[in-house]
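Here's the structure, in structure tokens; my notes come after.
The values are calculated or read from the model by the stated rules, or taken from the named source; none is laboratory data. What you see is a predicted model; the values in this text were computed from it and never measured. Every residue, glycine among them, receives a Cβ derived from its backbone with ideal geometry; neighbour counts consider all protein chains shown. Ligands, DNA and RNA are excluded from the accessible area calculation, which covers all protein heavy atoms including side chains. Shrake-Rupley method; radii C 1.70, N 1.55, O 1.52, S 1.80 Å.
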Amino acid sequence: MSDCNNDTTTHGASKPGTEEVKSNSEESSMAQESPKNSAAEIPVTSNGEVDDSHERGFNRDLKRSLPAGLGLSETQITSHGFDSTKEGVIEAGAFQGGQRTQTKGGPVILADEIKNPAMEKLELVRKWSLNTYKCTRQIISEKLGRGSRTVDLELEAQIDILRDNKKKYENILRLAQTLSTQLFQMVHTQRQLGDAFADLSLKSLELHEEFGYNADTQKLLAKNGETLLGAINFFIASVNTLVNKTIEDTLMTVKQYESARIEYDAYRTDLEELNLGPRDANTLPKIEQSQHLFQAHKEKYDKMRNDVSIKLKFLEENKVKVLHNQLVLFHNAIAAYFAGNQKQLEQTLKQFHIKLKTPGVDAPSWLEEQ
């Protein structure tokens, strides 16, 4: 009896093992045939749409078949379905800190090549501050008598003469404007006086001729005064252009020259101080940079000095030509007016192509008169 039971137990235990082998072989064969069956059979739902339950199952099986070392969070599975022309795409990226980093296409820009506007402005402010400090130190040292300055004796003398002449021309201009204002008031009074004499000439029969003579005289004086006034105003306009435009433009160039001279002396002094110190690995780059800046400011200084010399030369020629004509005009007009020579006064205005101002009409500009 015991032998029979043992045999029964042995046969019963071996039977499930055989069934497991068969089931495993069947599952493997089904797994091999499943892609073909799923590709051959496309189930459709009742509303005509494709049932994607098989697609989800395929993706699940594919994930299971991936290597154990690659986590699901590291892998992106994209499937477009069996009805699409595109195949399934598996994208895998490097795993860093629990997140996958993707590299996008397009041009690669290095961080060093990006220019920061704020940094550029800061660098400009730094250079301006350093230059201002050096120039201020140079000016203070010159005023205290401690620093040396570069002087062009001939050019400095010409500049001093120009500034002195400008002050004198401004005084002449101011006096001529005063004379023009006073003459205008006198001409206006003479015109009113002539009108009053003419009115009395008509109303006083016994003094008709006397009032008439005085009316004609005052009107003639007013007419000649207007002619002289035109000549004086033309003189004022020409001298004003010379003083406040031509000379002022030259003095602006002189100011730029003086600023360049201060910068040149400031960087020259800085270079001299560095050359007097020790020469080692730390100071040599500073000396080379200082030498470069000194050379740049020296070229600027030489250029500005040449520009000032040229402008002073042309200004002198223009000043002589303009003042010669205007002084001749002023003399002839004043002499003819007080001599009572009306023809000579009118001839003087024609000689200089001066047009008198018509009452009620604005006077033409100086360029139009030229």
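Does ASN341 meet the test of being polar (S, T, N, Q), at pLDDT 90 or above and closer than 20 Å to ILE232 by Cα?
No: the conditions fail for ASN341.
Give region 273-286 a look and list any residue that's under 19 Å from GLN138 (Cα atoms) and open to solvent by less than 90 Å² (accessible area, probe 1.4 Å), or say none.
Once the filter is applied, which keeps residues that are under 19 Å from GLN138 (Cα atoms) and open to solvent by less than 90 Å² (accessible area, probe 1.4 Å), region 273-286 yields LEU274, ASN275.
Answer yes or no as to whether SER148 is small (Gly, Ala, Ser) and modelled with pLDDT under 85.
It is true that SER148 is small (Gly, Ala, Ser) and modelled with pLDDT under 85.
Taking only region 237-248 into account, find how many residues are closer than 19 Å to VAL328 by Cα and open to solvent by less than 20 Å² (accessible area, probe 1.4 Å).
The total comes to 4.
With the requirement that a residue be surrounded by fewer than 11 Cβ atoms within 10 Å (Cβ to Cβ) and under 19 Å from LEU173 (Cα atoms), what does region 322-355 give you?
HIS324
So GLU206 ticks every box in (1) open to solvent by 90 Å² or more (accessible area, probe 1.4 Å); (2) at pLDDT 95 or above but one. Which box is left unticked?
In the conditions (1) open to solvent by 90 Å² or more (accessible area, probe 1.4 Å); (2) at pLDDT 95 or above, GLU206 misses (2) alone.
Out of all the residues in region 152-175, is one or more within 30 Å of SER309 (Cβ to Cβ), in contact (Cβ under 8 Å) with a residue 60 or more places away in the chain and outside any helix (DSSP H, G or I)?
yes
If you go through region 125-145, how many residues are within 15 Å of LEU271 (Cβ to Cβ) and of a type in the set (Lys, Arg)?
Qualifying residue count for the region: 2.
Looking at GLN218, is it surrounded by fewer than 17 Cβ atoms within 10 Å (Cβ to Cβ) and either outside any loop (DSSP other than H, G, I, E, B) or out of contact with any helix residue (DSSP H, G or I) (no Cβ under 6 Å at 6 or more places or on another chain) (or both)?
Answer is no for this residue.
Find the residue count for region 120-160, including only residues that are open to solvent by 100 Å² or more (accessible area, probe 1.4 Å) and over 28 Å from GLU273 (Cα atoms).
Residues in region 120-160 being open to solvent by 100 Å² or more (accessible area, probe 1.4 Å) and over 28 Å from GLU273 (Cα atoms): 2 in total.
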